[in-house]
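These notes concern the structure reproduced below.
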Amino acid sequence: MLHISLGDSFIDAKLIILQIVLMQTCNYFLLILLCILFCIPFGFTPTIEQLFSYKAISVFSLFGWINILIWLTDGIIGGLLLFLIVRRSKKCLDFTITFHLIHFIGCIIYKSFPIYWEWYCCILLHAIIMIIIGEISCYWREKREILLTSNNSSSVNDDDDEEDVSNKL
């Protein structure tokens, strides 16, 4: 049974593994969807090479720029995925590094060790965008004001207390 709690300090390994799997799955699904949406209008056929081959990212061709745009767009959406799946600003960096480490290993297994500087720059920008958007959105959620309601109706000064609180805000 998965126990989802944002306030406890325990570590639930099943929840963390589930979040990692969800992040990987959702990110790759979105990358495939973005490959289809960005490539077809320009007459390119989407392939798995775009995700796992370092040769697909290049500043010297239209196809390479499309792939860079795909990765940067996924960085924005990936930050929102962190907001929806991870839900904690202090965990965004960890999950982003985990995603990119698994992706790096997948690239090595699929093709070979990435040697193009464009690939490293693109992946680094993807990670930075993902971290910034994820941490800001999670931080915003964590720091929202929590409204507390009072059920104490026996006090005569309730109206005065409410006016004092609203004046302070």
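The values are calculated or read from the model by the stated rules, or taken from the named source; none is laboratory data. Predicted model only: the values in this text are computed from it and were never measured. Every residue, glycine among them, receives a Cβ derived from its backbone with ideal geometry; neighbour counts consider all protein chains shown. These accessible areas exclude ligands, DNA and RNA; they are computed on the full protein's heavy atoms, side chains included. Shrake-Rupley method; radii C 1.70, N 1.55, O 1.52, S 1.80 Å.
In the list 93, 101, 51, 33, which residue meets the criterion of being in a helix (DSSP H, G or I), out of contact with any Gly (no Cβ under 7 Å at 6 or more places or on another chain) and loosely packed, with under 14 Cβ neighbours inside 10 Å?
Details: 93 fails: loosely packed, with under 14 Cβ neighbours inside 10 Å; 51 fails: loosely packed, with under 14 Cβ neighbours inside 10 Å; 33 fails: loosely packed, with under 14 Cβ neighbours inside 10 Å.
Only one candidate qualifies: 101.
Take the stretch 104-129 and flag every residue that is in a helix (DSSP H, G or I) and either in contact with an Asp or Glu (Cβ under 8 Å, 6 or more places away or on another chain) or β-branched (Val, Ile, Thr) (or both). Even if it seems obvious, please write down each step before you answer.
Applying the first criterion (in a helix (DSSP H, G or I)) to the stretch 104-129 yields 104-110, 117-129.
Answer for the stretch 104-129, where residues must be in a helix (DSSP H, G or I) and either in contact with an Asp or Glu (Cβ under 8 Å, 6 or more places away or on another chain) or β-branched (Val, Ile, Thr) (or both): 105, 108, 109, 123, 126, 128, 129.
So which residues in the stretch 54-71 are surrounded by fewer than 17 Cβ atoms within 10 Å (Cβ to Cβ) and either over 21 Å from residue 110 (Cα atoms) or touching a Cys at 6+ places or on another chain (Cβ under 6 Å) (or both)?
Passing the criteria: 59, 60, 61, 62, 65, 69.
Looking at this structure, is residue 44 among the hydrophobic types (A, V, I, L, M, F, W, C), open to solvent by 50 Å² or more (accessible area, probe 1.4 Å) and touching a helix residue (DSSP H, G or I) at 6+ places or on another chain (Cβ under 7 Å)? Give the steps one after another, and end with the answer.
Working: among the hydrophobic types (A, V, I, L, M, F, W, C): yes; open to solvent by 50 Å² or more (accessible area, probe 1.4 Å): yes; touching a helix residue (DSSP H, G or I) at 6+ places or on another chain (Cβ under 7 Å): yes.
Considered against the rule, which asks whether it is among the hydrophobic types (A, V, I, L, M, F, W, C), open to solvent by 50 Å² or more (accessible area, probe 1.4 Å) and touching a helix residue (DSSP H, G or I) at 6+ places or on another chain (Cβ under 7 Å), residue 44 comes out as yes.
Looking at (1) modelled with pLDDT under 95; (2) within 18 Å of the chain's Cα centre (by Cα); (3) of a type in the set (Val, Ile, Thr), which is the only condition residue 96 fails?
That leaves (1) as the condition not met.
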